[in-house]
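First up is the structure itself, then whatever we jot down about it.
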Amino acid sequence: SGSSCKLVHVARNPKDTYEELCREPKEQVRRLASFLRKPFGLDEDNGDAEVEKVLWRSSLNRLKELEIPKSSFFRKGTVGGWKNYLTPQMAHRIDLLTEQKLQGTGLSLDDF
């Protein structure tokens, strides 16, 4: 209907950390800014500094320092870390629930 509203949905493996953000965080932040039509400056040094600021403000290390009950929300934030917390049965149950929730969306666990 002519709206210029943008919708951003960050999807990740429900058992784990979103891998592309870990592999290439600067590129993912730049892509998101570009999508939102708020790209970082053309000056490479200034643009990199702004990207670094976004990464720092959203980093697990910084978020862990906030005054909130941490044990409820944060683990180490490493890819594959779920294996230290979930049994195979728990992981299977999460996979089944995720498949049910994704049904009809065109997405699958393979997308994460």
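The values are calculated or read from the model by the stated rules, or taken from the named source; none is laboratory data. Keep in mind it's a predicted model, so treat the numbers as computed, not measured. Remember, those area values only see protein heavy atoms, side chains included, never the ligands or the DNA or RNA. Shrake-Rupley method; radii C 1.70, N 1.55, O 1.52, S 1.80 Å.
Side notes on the structure shown:
- Residue within segment 20-35 that is in a loop (DSSP other than H, G, I, E, B), open to solvent by less than 70 Å² (accessible area, probe 1.4 Å) and modelled with pLDDT of 75 or more present: no
- When Asp16, Asp45 are screened for being part of a helix (DSSP H, G or I) and at pLDDT below 85, only Asp45 passes.
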